[in-house]
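Comments concern the structure below.
What follows is calculated from the coordinates using simple rules that are stated; it is not laboratory data. Bear in mind the structure is a predicted one, so any value in this text is a computation, not a measurement. Quick reminder, even Gly has a Cβ in these numbers, built from the backbone with ideal geometry, and neighbours come from all protein chains shown.
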Amino acid sequence: MAYGTRALIRDLEMLFSRGGVNRPTDNARQERFYRTAKQEEIYCYPSYPSLEIARRSIGEHIEFYN
């Protein structure tokens with residue numbers, strides 16, 4: 001795993017859990033969530049004006065989705 005990804009997970013106080021090797025169905029719900037977030041929010045905006053706006057917009061989408 002890339003150092004930047006490990007650092008981000010640590011900074012966000014998250015726990016990393018690996019899925020099984022060559023088993024995409026191990027994490028199907030999370031993969032579906034990422035797909036929906038990308039299709040309904042992230043890909044609709046080629047670039048966000050700032051990091052703060054991106055975080056707020058994606059956060060609002062997550063709240064709506066849940």
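Observations, loosely collected:
- With helices as the sole contributors, the chain gives -17500 deg cm²/dmol at 222 nm; each DSSP H run of n ≥ 4 counts as -39500 (n - 2.57), and the sum is divided by every residue.
- Per-residue HN-Hα couplings for the range 44-59 [Karplus 6.51, -1.76, 1.60; θ = phi - 60°; Hz; x = Gly/Pro]: 6, 10, x, 8, 8, x, 7, 5, 4, 5, 4, 4, 5, 5, 5, x
- A simple charge model with +1 on the Cβ of Lys and Arg, -1 on the Cβ of Asp and Glu and nothing else charged puts the dipole of the chain at about 320 debye relative to its Cα centre.
- More than 13 Å apart - percent of Cα-Cα pairs taken over the chain: 74
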